[in-house]
1. Ignoring everything except DSSP H segments at least 4 long, calculate the 222 nm mean residue ellipticity for chain A; use -39,500 (n - 2.57) per segment, divide by total residues, nearest 500.
2. Give the whole-number value, in cubic angstrom per residue, of the convex hull volume spanned by the C-alpha atoms of chain B.
3. From the phi angles alone, apply the Karplus equation (6.51, -1.76, 1.60; θ = phi - 60°) to the range B:24-29 and give each ³J(HN,Hα) in whole Hz, x where the residue is Gly or Pro.
4. Here is the link list: A:Lys294/A:Lys382; A:Lys88/B:Lys294; B:Lys294/B:Lys382; B:Lys88/B:Lys298. Which ones come out longer than 20 Å on Cα distance?
5. Quick one: which residues, 5 or more positions from B:Ala384 or on another chain, have an amide H under 5 Å from its amide H? H modelled 1.01 Å from N in the peptide plane, none for Pro or chain starts.
6. Would you list B:Asp414, A:Asp55 from fewest to most Cβ contacts within 10 Å?
7. Given H placed on each backbone N at 1.01 Å, which residues far from B:Arg7 in sequence or on other chains put an amide H within less than 5 Å of it?
8. Just need the relative contact order of chain A here, percent rounded to a whole number, with Cα pairs under 8 Å and 6+ apart.
Number of protein chains: 2
Amino acid sequence: MTIPSARTLYLAEWVVPIVRPPFRRGGIVVEGERLVAIGGEAELRAQFPEAVVRDFGEAALLPGLVNVHAHLELTAFRGMLEDLPFVKWLAVLTRLREGLSAEDVRESARAGVLEAIRSGQTTIVDVGATGAGFDALCESGARGLFFQEVFGLRSEDAGESMRGLIERLQPLRAHPCARTRVGVGISPHAPYTVSARLFRQTVEYARAHALPLCVHIAESRAEVEFVRHGQGEFARIYERRGLLWHAPGVSPIRYLHDLGVLAARPLLVHGVHMEDEDIALVAQSGATIAHCPKSNAKLGHGVAPLPEWMRAGIAVGIGTDSVASNNTCDLLEEARFGLLVQRARRASPTLLSAETMLRLLTLEGARALSLESRIGSLEPGKEADFIAVDLSGAHVQPVDDPVAAIVFSARGSDVRFAAVGGRVLFDGASVTTLDEERLRARLREIRTRLRHRDALIRD
Amino acid sequence: MTIPSARTLYLAEWVVPIVRPPFRRGGIVVEGERLVAIGGEAELRAQFPEAVVRDFGEAALLPGLVNVHAHLELTAFRGMLEDLPFVKWLAVLTRLREGLSAEDVRESARAGVLEAIRSGQTTIVDVGATGAGFDALCESGARGLFFQEVFGLRSEDAGESMRGLIERLQPLRAHPCARTRVGVGISPHAPYTVSARLFRQTVEYARAHALPLCVHIAESRAEVEFVRHGQGEFARIYERRGLLWHAPGVSPIRYLHDLGVLAARPLLVHGVHMEDEDIALVAQSGATIAHCPKSNAKLGHGVAPLPEWMRAGIAVGIGTDSVASNNTCDLLEEARFGLLVQRARRASPTLLSAETMLRLLTLEGARALSLESRIGSLEPGKEADFIAVDLSGAHVQPVDDPVAAIVFSARGSDVRFAAVGGRVLFDGASVTTLDEERLRARLREIRTRLRHRDALIRD
């Protein structure tokens, strides 16, 4: 891996620093892994006459986008799980996963990272059952955070689940990449797949080893019914499988609070079904939220209380979730959808704004991961994680407000360049760190095999 | 204009005829303006050995998309009207329009058509104050329907409004293009801008001259309040301007019914606020609906009852509305949004489907315009209006369900080819009938002037 040590001056028609208003004809100077200057073209050219110049023209330079929730392993399933009720969707997903070899899972995760980088994501938070997502992030040069998932419905199996978790974590934490670009954390999956005891043990372990935590919570009505009343689809599954469940009789968020999970300041994924009391609990705890509006809509979960979270001061980032439930990994469309669905639901034409949404995609997303001192804005001293979004398209022009153009008109495919820590990962033609052609062919092979196997199982 | 008279065989990995299930490795044969055959590759090659072959590879061939509602003239305003309450939005739009010369309006409409064609729209329904949209559609080679708008708040001015309307209509109806590709109709704008008398006179005129009608209706709560109770923001504007308004005291749809407008089977735009009784009235009348979910969301109007319309058997098409309220003209994203916002609102993971939405974008859209015998599906005898959507992108792969891929993953920028009546309008690089570079430069000029003028007015 070679990181250019000379200075490079990146210029564009628009610069969007996030921490201050956008400005015209300017750029940033990158030296090694860092952003060292930002300003107008003339000023930067005068100050850095020796810098190599790259001019993106009718484009915007902005911080790389932060995807706070993905499941990279599931990329091979895109388009295979349509129009299914959530619990059925989970069951089909589980069945499909059994058809993937370890190597298939790795290819699937690589394809996911490829898509994410191409659409301008420079930091990706992945949750996975295997370390495939971690490896793919490391290989790709992207920044990220990998949460190792842990499951365990039976209280008495908590010890075994923990041993399995620790075994999986060790090689990841020892990997050199874990000390630089890709953090490692733990994700006890959800209240309907993790026993109370296992929740407590994962929190204890995470605290002891200073590992971040991530939990899927308050996603579906079925989950709320299960936790509050011990009823509904999840309760029926428990019953069929002879599993014990003592419903705590509270909201899923209150349940996490009572278990001591909130106190560990986890990244909470979804949170669609939160009452005012839940929001207050999250705000007080300092936990943060990964908001996945398209996945929540497509799976019929509803619309999460984003404006209320923000009013309560909770750090919120936007996530795409997996393409098995989205079916695309494009944070620009995700933010646009997130704004529009709130306006539709609240019948308000002024709720949220392009500026707010772009902040969620960058600096707030970074804050939700405690990375705001390193990434999320264009400021000297920060890591040189940045992208160029072309604004010359017929679907974007004319432009005199680059933030409105980026959030309301641009698409993932308008991203022309992405760098992480100064290293170019996407140059507008291809991702420099992955073999796109090979991956596409492998993904197609995997898919053909999956369909064949799945058809056999269902026959 | 030269239309190739020889046969061309268009091939792709997927063919999506709409009227029957998609199939693999096949294509269509086009002769002159018509589609003459559809089938598997081997069969078509054997049957048409002399045909010129064009193979789109990893792509889907499907009917051209039908945009049932646009305001092409407003393209220059994209991104200038953010975060405004609806009535204020209308006021700012009116102020901005005064800053455009007739030639500016024509360029703005051309830019709108360019964007639409590039994103796979082969039939575009435009509503405009001037004939700029009609001319742009004619020039571009697209199929379309142009509705000349008419306004008139004062009952006593209805005669004058009608004379103005007829004067504007005459050159359009006499244009050779009006006999082939671009129909002409009338659009009395909305209940708060058109007097009851003017509504009646436009209907009479439309019936006498067999012209289609189009009305913006039941879009905002403000409109419902105005029509039902004579109150709210529109009532206050009337009062300030000394205009008389006798609120009919019924829903906007019932009002149109009582005026005899519904009986003329208009294309109703928006219809966000419709009760069951309204839906029944529309269904009985045979009127059709232009559904614009993103515009409805962004302006805070809410979510229209799409599933209820469809259950009632109403022909519904999807429209992008203007980019002043969207801010992009991409029917693929529009349909995706339209599905997701319904699932979010109804908390249903099975409501609507990719197949349903693709039908709305093609055959149902055609039916909403009474064009279903000519366009909207790939069938021998129909006009050769079709597109190729690339499915090889990292954001789309792997694909084994092309309809899910098109509706849930593809974007306007994945469209690689568009033809109308056999004539190639977009070849993947540029729109063949419009000068893109010149248009972009003109649009930028217009915008700079607009911002300058608008800043002066507001100072």
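1. -11500 deg cm²/dmol, from helical runs alone.
2. It comes to 141 Å³ per residue, whole-number rounded.
3. 9, 6, x, x, 9, 10
4. A:Lys294/A:Lys382; A:Lys88/B:Lys294; B:Lys294/B:Lys382
5. Result for B:Ala384 returns B:Arg34, B:Leu35, B:Gly421, B:Gly422.
6. A:Asp55, B:Asp414
7. The list, which skips near neighbours in sequence, is B:Val52.
8. Worked out over chain A, it gives 21 percent.
Read-outs: derived from the displayed coordinates by stated rules, not from any lab. Being a predicted model, the structure only gives us computed values, none of them experimental. Don't worry about glycine lacking a Cβ; one is built from the backbone with ideal geometry, like all the others, and counts go over all protein chains shown.
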